[in-house]
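First comes the structure, then the notes that go with it.
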Amino acid sequence: LAADREARAGLVAAAVVIQADQDSQVRRVADRAWRAATEGGGGTPGKQLKELKPYLQARIIADFTCGKASLAKSSGRAAAQLHERLESGGGFVEDLVDGIE
């Protein structure tokens, strides 16, 4: 059961990061996945984002440091968007910088 939650969290985190993709069709699919995840329970979207924060940070750091320019660019856009979405929780970008160093 715990593995199922981990897998779901990883999948939803990937969808949230992909919402920053350059391709509008990819963003639409990611938006639908996020909507389905939030409608599936677990609290408000803001609460779910806070719970996903460690997964989101790990995904963004992995993409940013993988050596592929396209993934780094996309992860940078995702970080900026998530910083705004998680602004009340604070420290999203700062935590990313600490994780990359």
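Can you pull the one-decimal nm distance between simple spin-label points at R77 and D31, each 7 Å off the Cα toward Cβ?
1.3
Enumerate the lysines that K68 could reach by cross-link, defined here as Cα to Cα under 29 Å, with residues fewer than 8 away along the same chain left out.
Filter leaves K50, K53.
Can you work out the Karplus-derived ³J(HN,Hα) for every residue in segment 31-36? Use 6.51 cos²θ - 1.76 cosθ + 1.60 with θ = phi - 60°, whole Hz, and x for glycine or proline.
4, 5, 5, 5, 4, 5
Per residue and in cubic angstrom, what volume does the convex hull of the Cα atoms of segment 44-83 have?
It comes to 49 Å³ per residue, whole-number rounded.
Among (1) 11.3; (2) 6.5; (3) 13.3, only one was calculated for this model; which label is it, if the read-out is mean projected area of the Cα convex hull in nm²?
(2)
No value in this document is a laboratory result; all are computed from the given coordinates. Just so you know, these numbers come straight off a predicted model, no measurement behind them. A quick note on method: Cβ atoms are made from the backbone with ideal geometry, for glycine too, and the neighbour counts reach across all protein chains shown.
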